[in-house]
Number of protein chains: 2
Amino acid sequence: MTTENGLTADAPQSPVTFINVFEIAADELDAFIEKWEQRARLMRDKPGFIDSRMHRARSTDSRFQLVNVSHWESQEAWETATADPDFASRTRAAREESRQPITPNPAVYDVVVELTAP
Amino acid sequence: MTTENGLTADAPQSPVTFINVFEIAADELDAFIEKWEQRARLMRDKPGFIDSRMHRARSTDSRFQLVNVSHWESQEAWETATADPDFASRTRAAREESRQPITPNPAVYDVVVELTAP
């Protein structure tokens, strides 16, 4: 069910996949991943966190060098966790410290098709 | 180890995550997902396929409405599977049938950070 603002009405209480697609220069990657891991460890202790994986492109030619995929017990739990002021200030600092702009594209998703090997 | 073309030299034989970030208009989603699932079922029977999930954004305002995350036993297995002419022609047809442009951003990734709840 979709509401007028485009959010599914039953979203807050069901498990959710959070995906963040990063646009970042290849020579910023190592420093960024190190700081990102520190922030992710803060998230791990929050209620509702399930797991998180940071993916790095094998080719430096790929448009999106980093993609984070995390699972949370609910959208509400994820929103509460990311509202932590310490987390927010570290995220802001990481972006300001980079020499070239880093564009995160965070959003919450539902799995609509799932296939496993027969 | 990174080679001159930006690919890691040991990539072909290790497990790999394939991620495809789609730029697609919200009103094309239902039709696209249906056709995508048919193509994904072709992939499921290929050697080296592990699993695949299509994620749909909860908000129609999100920049990337669809993100596919698949796991393969090797980059080589994934490359061989996607070279299937039937798969390639269906993929092309799906793009040509849409009223608005659909931009896929496919790439292969390694997991560089993995965290699970304590």
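Just so it is clear, none of the values below were taken in a lab; they were calculated from the coordinates. From a predicted model like this one, the values you see are computed outputs, not experimental measurements. Don't worry about glycine lacking a Cβ; one is built from the backbone with ideal geometry, like all the others, and counts go over all protein chains shown.
Hey, got the Cα dimensions of the protein assembly as shown along the principal axes, in Å, largest first?
51, 49, 33
Dividing the alpha-carbon radius of gyration of the range B:47-92 by 2.2 N^0.38 Å (N being the number of residues), what value is obtained?
Cα Rg divided by the expected 2.2 N^0.38 Å: 1.43.
If each DSSP helix of 4+ residues adds -39,500 (n - 2.57) and the sum is divided by the residues in chain A, what number results at 222 nm, nearest 500 deg cm²/dmol?
Helix-only estimate at 222 nm: -10000 deg cm²/dmol.
Defining the label point at 7 Å along Cα→Cβ, can you sort the distances from residue A:73 to the same site in each other copy, shortest first, in nm?
Here the equivalent label points are 3.7 nm apart from this one.
Using a Debye calculation, one point per C-alpha and no hydration shell, please list log10 I(q)/I(0) for chain A at q = 0.13, 0.14, 0.15 Å⁻¹ in order.
Log-scaled intensity ratios, in q order: -0.58, -0.67, -0.76.
What whole number of Å gives the distance from the Cα centroid of the range B:55-112 to the Cα centroid of the range A:26-42?
So the two Cα centres are separated by 26 Å.
If Lys and Arg each add +1 and Asp and Glu each add -1, what is the summed charge of the other residues whose beta carbon sits under 11 Å from the beta carbon of residue A:99?
Spelling it out: positives minus negatives among the neighbours equals -4.
From the label point of residue A:42, set 7 Å from Cα along Cα→Cβ, how far away are the matching label points in the other copies, in nm, ordered shortest to longest?
Its label point is 4.6 nm from the equivalent points in the other copies.
Ranked highest first by average number of other Cβ atoms within 10 Å, how do A:40-49, B:80-89 line up?
Most protected by this proxy first, the peptides run A:40-49, B:80-89.
With the crude spin-label approximation of a point 7 Å out along Cα→Cβ, what separation in nm comes out for residue B:110 versus residue A:45?
Placing both labels 7 Å along Cα→Cβ, they lie 3.0 nm apart.
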